[in-house]
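The values are calculated or read from the model by the stated rules, or taken from the named source; none is laboratory data. Everything numeric here is computed off the predicted structure, so don't read it as measured data. Cβ coordinates were reconstructed from backbone atoms using ideal geometry, including for glycine residues, and neighbour counts include every protein chain displayed.
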Amino acid sequence: MGLRAEYKLFISHYFKENDEYKRLIELLDDNISIQYSCSSIPVSYKYRSLSKMQLEDQLRMQIKPAHCFLALDGVYLASPEWVEYELKVAGKLGIPIIGIKQMKIKEVSSIISGYAKAVVGWNIDSIVTAIKDCSI
């Protein structure tokens, strides 16, 4: 993959901004070797009144413009139904998936490893390299 001015990322969520999500954003914000924007919107007031089908539509719209999907294993374990849906959508759209293992855990969930083009730990250099290598 050549140089890109900005990588558009989708980060797994289940309509909540959890600690892993926030930590990843902080790591990416602090890293000067990558410019990125995030198409995922984990928290919005409007989500409270949406049906499951409408929430699925929201996720598809968030995932579609992404160059790369970062699948947080801890988020998957907290909400497997939603994250599996996100993984399936990204897979159908041909968006590369990078699995990020939970802290201090050696393996990533089998569902994430089954979809992932790469699996990395919580090392920002590994995450950035995977983003640059895998993004469309």
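Looking only at residues that are touching a residue at least 40 places away in the same chain (Cβ under 8 Å) and more than 14 Å from A116 (Cβ to Cβ) in segment 62-74, which one is surrounded by the most Cβ atoms within 10 Å (Cβ to Cβ)?
Ranking the qualifying residues of segment 62-74, first place goes to A66.
Looking at Q62, Q54, which one is more than 19 Å from I97 (Cα to Cα) and at pLDDT 95 or above? Lay out the reasoning, then the answer.
Working: Q62 fails: more than 19 Å from I97 (Cα to Cα).
Residue meeting the stated conditions: Q54.
In the list P42, P96, which residue meets the criterion of being in contact with a Lys or Arg (Cβ under 7 Å, 6 or more places away or on another chain) and closer than 19 Å to I25 by Cβ? Spell out how you get there, then give the answer.
Numbers: P96 fails: closer than 19 Å to I25 by Cβ.
Going through P42, P96 in turn, just one is in contact with a Lys or Arg (Cβ under 7 Å, 6 or more places away or on another chain) and closer than 19 Å to I25 by Cβ: P42.
Quick test for you: out of E107, E20, pick the one residue that is surrounded by 16 or more Cβ atoms within 10 Å (Cβ to Cβ) and at pLDDT below 95.
Working: E107 fails: surrounded by 16 or more Cβ atoms within 10 Å (Cβ to Cβ).
On inspection, the qualifying residue turns out to be E20.
For segment 89-102, state whether one or more residues are at pLDDT below 95 and out of contact with any strand residue (DSSP E or B) (no Cβ under 7 Å at 6 or more places or on another chain).
Yes, there is a match, as at least one residue in segment 89-102 is at pLDDT below 95 and out of contact with any strand residue (DSSP E or B) (no Cβ under 7 Å at 6 or more places or on another chain).
Hey, any hits in segment 28-42 for a residue that's within 14 Å of I112 (Cβ to Cβ), surrounded by 13 or more Cβ atoms within 10 Å (Cβ to Cβ) and without any contact (Cβ under 8 Å) to a residue 60 or more places away in the chain?
The initial filter retains those residues of segment 28-42 that are within 14 Å of I112 (Cβ to Cβ), namely none.
Within segment 28-42 (the criterion being within 14 Å of I112 (Cβ to Cβ), surrounded by 13 or more Cβ atoms within 10 Å (Cβ to Cβ) and without any contact (Cβ under 8 Å) to a residue 60 or more places away in the chain), the answer is no, since none of the residues qualifies.
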